[in-house]
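The structure appears below as structure tokens.
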């Protein structure tokens, strides 16, 4: 009688171990899914925040630079530079530099048009 009980007990322990292994694997899988979800949420949040900053840049560009009747105040330019840097977008930086460093009116207008188009596209893309 002892041998069958021992075999039954060993079988039961093995079955419990198998069930525990399945639950462990499912838990690991669930943790991975949670990490993927968190990563996607963080990426979505980052894109939204960047689009919001680019929207602010667009507002400054229109209100304080395009509609300016005089030379652009240093305070506005510094604010713009800081906002552009905060996006970490090298394309935006290059387009801004192309506008800010333009030597004549035609180049400046072309660079401004390019910068505006880029900002509008980026804001629309980020707010979807």
Between 115, 21, 58, find the one with the highest GNM mean-square fluctuation for the chain; connect C-alpha pairs within less than 10 Å. 21
State, to one decimal in nm, how far the label point of residue 81 lies from the label point of residue 64, with both points 7 Å from Cα in the Cβ direction. 1.3
Stokes-Einstein diffusion coefficient of segment 2-126, Kirkwood radius over Cα pairs, 10 °C, 1.306 mPa s, in µm²/s: 84
How far apart, in nm, are the 7 Å Cα→Cβ label points at residue 56 and residue 12? 6.6
Using the alpha-carbon atoms, what tilt in degrees (0 to 90, nearest 10) does helix 90-100 show relative to the longest principal axis of the chain? 10
Between residue 38 and residue 124, Cβ-based FRET efficiency (R0 35 Å, step 0.05) works out to 0.85
Taking the Cα-to-Cβ direction at residue 20 and at residue 106 and moving 7 Å from each Cα, how far apart do the two end points lie in nm? 8.0
Summing -39500 (n - 2.57) over every DSSP H run of at least 4 in the chain, dividing by its residue total and rounding to the nearest 500, the 222 nm mean residue ellipticity is -29500 deg cm²/dmol
What does the C-alpha gyration tensor say about the overall shape of segment 28-101? Classify as rounded when a/c is under 1.5, otherwise prolate if a/b is larger than b/c, or oblate. prolate
Degrees between helix 2-60 axis and first principal axis of the chain (Cα, 0 to 90, nearest 10): 10
Let me have the relative contact order for the chain, percent, based on Cα pairs under 8 Å that are six or more residues apart. 28
Enter the angle in degrees (range 0 to 90, nearest 10) between the Cα long axis of helix 74-87 and the first principal axis of the Cα atoms of the chain, meaning the one along which they spread out most. 20
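Every number in this text was worked out from the coordinates using simple rules, so none of it is lab data. Everything numeric in this text was worked out from a predicted model, so none of it was measured. Cβ atoms come from the backbone with ideal geometry, glycine included; neighbour counts cover every protein chain shown.
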